[in-house]
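S.K.: This structure is in structure tokens; I'll ask about it shortly.
The values are calculated or read from the model by the stated rules, or taken from the named source; none is laboratory data. Values in this document were obtained by computation on a predicted structure and should not be read as measured data. When we count neighbours, we look across all protein chains shown, and the Cβ atoms used for this are built from the backbone with ideal geometry, even at glycine. Note: areas computed on protein heavy atoms with side chains; ligands, DNA, RNA excluded. Shrake-Rupley method; radii C 1.70, N 1.55, O 1.52, S 1.80 Å.
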Amino acid sequence: METKPDFVSSPFIPVSSHLSSSILSSMEELGINNFGCMHYRRRCKIRAPCCDEVFDCRHCHNEVKNSLEINPMDRHEIPRHEVKKVICSLCDTEQNVQQYCINCGVCLGKYFCGTCKLFDDDISKEQYHCDECGICRTGGRDNFFHCEKCGCCYSKIMEEGHPCVERAMHHNCPICFEYLFETLRDITVLPCGHTIHVECVREMEQHRRYSCPVCSKSMCDMTNLWKKLDEVIASTPMPEIYKDKMVWILCNDCGANSHVQFHIVAHKCKSCNSYNTRRIQGNPGTSCSSRMTEMVR
């Protein structure tokens, strides 16, 4: 009597349902780290639903379709959640989105998210899907929490008393203008609550810029610098003609207005002692009409 093998390759029945645990384990490792792109190690490609072309991943698609060589009218990004078809990198079988190839049985990605259509063999990233964000994140679910007001995931270190900014990452980086919510680069949250790429902050520091590019608040503790400015101002007397000159300033750190003596170097906030200030015109407590009256006189 002829016996049939337990393993039957069929385009209609998922191969993984027929595999023993040992064979399934070998399928998990077959071809691993031999395929993928600079963004992901994976054993499949995707067919873009927007242009019906095949790419290694959505980032590869977006880079090509938004390059300078592309007509501005034709530039676009892939709707990641609308991806329907993937192509196995080992046997070239095109199929619906799923973790195991229906033809050769290989695992297309050790990490798989059916919602985001994401495949990745590098599980050291500790990927997880955040239902509130609607996308996959890295770093481990246990290490992050989702802030409803900010609309994004933050490290649990910040869970107690972090400054909330509505939809904090749903905008472009104020330095490089990359969309922060879906960026692959590291992001930091400034003391004011605004978000920015870590490398962009470092670039600002190289140019001696230490205030938030969004709200102008100080990005770090500037106490030592303020003390040095105290010494510089004390050793730099103003000419006689400026000794009685007074100006109004607005503090970028605490928001207070102060009437202070003019100095060419800097102006110190009377409320919080910060030198992160800017000059403003006239007395902020005086109405526009009264200032106009004073000018007419």
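S.K.: Please go through (1) closer than 22 Å to Cys150 by Cβ; (2) without any contact (Cβ under 8 Å) to a residue 40 or more places away in the chain for Glu182 and return the number of the only condition it doesn't satisfy.
M.R.: (2)
S.K.: Can you list the strands (runs of 3 or more DSSP E) found entirely within region 171-253 that contain at least 1 residues being of a type in the set (Phe, Trp, Tyr) and within 26 Å of Lys270 (Cα to Cα)?
M.R.: Because the criterion is at least 1 residues that are of a type in the set (Phe, Trp, Tyr) and within 26 Å of Lys270 (Cα to Cα), the strands (runs of 3 or more DSSP E) in region 171-253 that meet it are 246-251.
S.K.: Right, something else. Got a number for residues in region 39-54 being in contact (Cβ under 8 Å) with a residue 60 or more places away in the chain and under 16 Å from Val97 (Cβ atoms)?
M.R.: Of the residues in that region, 5 qualify.
S.K.: Identify, by number, the condition in (1) of a type outside the set (D, E, K, R); (2) exposed (fewer than 15 other Cβ atoms within 10 Å of the Cβ); (3) under 19 Å from Cys150 (Cα atoms) that Leu190 doesn't meet.
M.R.: (2)
S.K.: Six or more apart or on different chains, Cβ atoms under 7 Å: show the pairs whose first residue is in region 74-93 and in the same structural domain as Cys113 (by the TED database) and assigned to a loop (DSSP other than H, G, I, E, B) and whose second is basic (Lys, Arg) and open to solvent by 80 Å² or more (accessible area, probe 1.4 Å).
M.R.: Here the result reads Ser89/Lys45, each pair linking region 74-93 to a residue that is basic (Lys, Arg) and open to solvent by 80 Å² or more (accessible area, probe 1.4 Å).
S.K.: So the check is Cβ under 7 Å with 6+ separation or different chains; which pairs have a first residue in region 221-245 that's closer than 27 Å to Ser211 by Cα and a second one that's surrounded by 14 or more Cβ atoms within 10 Å (Cβ to Cβ) and of a type in the set (Phe, Trp, Tyr)?
M.R.: Correct list of pairs: Met222/Tyr210; Trp226/Tyr275; Leu229/Tyr275.
S.K.: I've got another one for you. Quick one: which of Tyr111, Tyr128 is modelled with pLDDT of 95 or more and either within 16 Å of Ser26 (Cα to Cα) or open to solvent by 30 Å² or more (accessible area, probe 1.4 Å) (or both)?
M.R.: Tyr111
S.K.: Residue under question is Arg43, and the condition is that it be surrounded by 14 or more Cβ atoms within 10 Å (Cβ to Cβ) and either among the basic types (Lys, Arg) or more than 19 Å from Tyr111 (Cα to Cα) (or both); does it hold?
M.R.: Spelling it out, Arg43 is indeed surrounded by 14 or more Cβ atoms within 10 Å (Cβ to Cβ) and either among the basic types (Lys, Arg) or more than 19 Å from Tyr111 (Cα to Cα) (or both).
S.K.: Hey, His61 hits all of (1) outside any helix (DSSP H, G or I); (2) open to solvent by less than 60 Å² (accessible area, probe 1.4 Å); (3) in contact with a strand residue (DSSP E or B) (Cβ under 8 Å, 6 or more places away or on another chain); (4) modelled with pLDDT of 95 or more but one; which does it fall short on?
M.R.: Going through the list (1) outside any helix (DSSP H, G or I); (2) open to solvent by less than 60 Å² (accessible area, probe 1.4 Å); (3) in contact with a strand residue (DSSP E or B) (Cβ under 8 Å, 6 or more places away or on another chain); (4) modelled with pLDDT of 95 or more, His61 breaks only (1).
S.K.: Right, another one. From Ile13, Ile32, which residue is under 26 Å from Leu184 (Cα atoms), more than 26 Å from the chain's Cα centre (by Cα) and at pLDDT below 95?
M.R.: Ile32
S.K.: Is it the case, given these coordinates, that Val198 is touching a Phe, Trp or Tyr at 6+ places or on another chain (Cβ under 8 Å) and not charged (D, E, K, R)?
M.R.: no
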